[in-house]
Amino acid sequence: MSHIVNDEALDELFREARSHNSWQDKPVSDVTLQALYDLLRWGPTSANCSPARFYFLKSMEAKKKLKPHLMGGNVEKTMTAPVCVIVAIDSRFYEHIPALFPHNPEMQAAFSENEPLAEETAMRNGSLQGAYLILAARALGLDCAPMSGFDAEGVNAAFFPEGRVKSNFLCALGYGDPAGLHPRGPRLSFDDACKIF
């Protein structure tokens with residue numbers, strides 16, 4: 001089957017990409033983080049709502065603030081990573097709808113007047129944007145360690161006490177050390193995971 005992205009790129013993004021547990025002693029520049037966001041922001045979200053917010057923790061001070069809220073197995077890889085991203089969602093993302101969805105600004109009221117819809121939309125689309133973060137990072141030559149092993153309420157209290165922003169998941173970023181990799185886990189087959197109707 002032909003495709004517009006070559007096999008080398010597909011390997012880098014999917015087939016050979018790994019979640020890393022240890023890192024090379026190599027920093028990630030602010031310019032790289034800006035380039036990362038400039039890629040991921042083009043991924044689609046419903047009504048172009050773009051609810052994700054990305055908090056790049058680079059300093060040891062910021063990572064120490066995160067540390068008490070990490071599960072034990074995630075502490076070392078987070079503290080030694082050049083960057084740990086808190087992938088979060090803005091619960092009032094809809095305030096930007098008039099600018100982001102100008103052909104139908106009335107969508108703002110659809111979310112602001114329906115809190116359950118806004119919460120569901122924010123979580124679903126913010127998670128999509130978190131996945132775009134991983135793919136964009138890999139496309140730029142970075143390695144990733146996405147994590148859900150943390151106390152979300154603790155992170156929210158420490159970083160977002162005003163309550164508007166809520167953490168979704170964490171993702172360590174850097175240049176992975178292959179020596180720290182575990183054997184790759186299997187994946188479900190097409191027949192196990194998919195149905196065609």
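The values are calculated or read from the model by the stated rules, or taken from the named source; none is laboratory data. Model, not experiment: these values are computed from the prediction. When we count neighbours, we look across all protein chains shown, and the Cβ atoms used for this are built from the backbone with ideal geometry, even at glycine.
What to note about this one:
- Of the helices (runs of 4 or more DSSP H) contained entirely in the stretch 47-104, those carrying at least 1 residues that are among the β-branched types (Val, Ile, Thr) and at pLDDT 95 or above fall at 72-80, 97-100.
- Qualifying residue in the stretch 35-43 (condition: in contact with a strand residue (DSSP E or B) (Cβ under 8 Å, 6 or more places away or on another chain) and part of a loop (DSSP other than H, G, I, E, B)): no
- The listed residue being touching a Ser or Thr at 6+ places or on another chain (Cβ under 8 Å) and basic (Lys, Arg), out of ARG164, ARG138: ARG164
- Scanning the stretch 128-156 for residues that are part of a strand (DSSP E or B), over 9 Å from the mean Cα position of the chain (by Cα) and within 10 Å of CYS171 (Cβ to Cβ) yields a total of 3.
- Number of positions in the stretch 76-108 that are surrounded by 15 or more Cβ atoms within 10 Å (Cβ to Cβ) and closer than 18 Å to GLY149 by Cα: 12
- Pairs where the first residue, in the stretch 91-106, is closer than 15 Å to ALA122 by Cβ and the second is surrounded by fewer than 12 Cβ atoms within 10 Å (Cβ to Cβ) and among the charged types (D, E, K, R), C-beta under 9 Å, 6+ apart: SER91/GLU115; ILE97/GLU106
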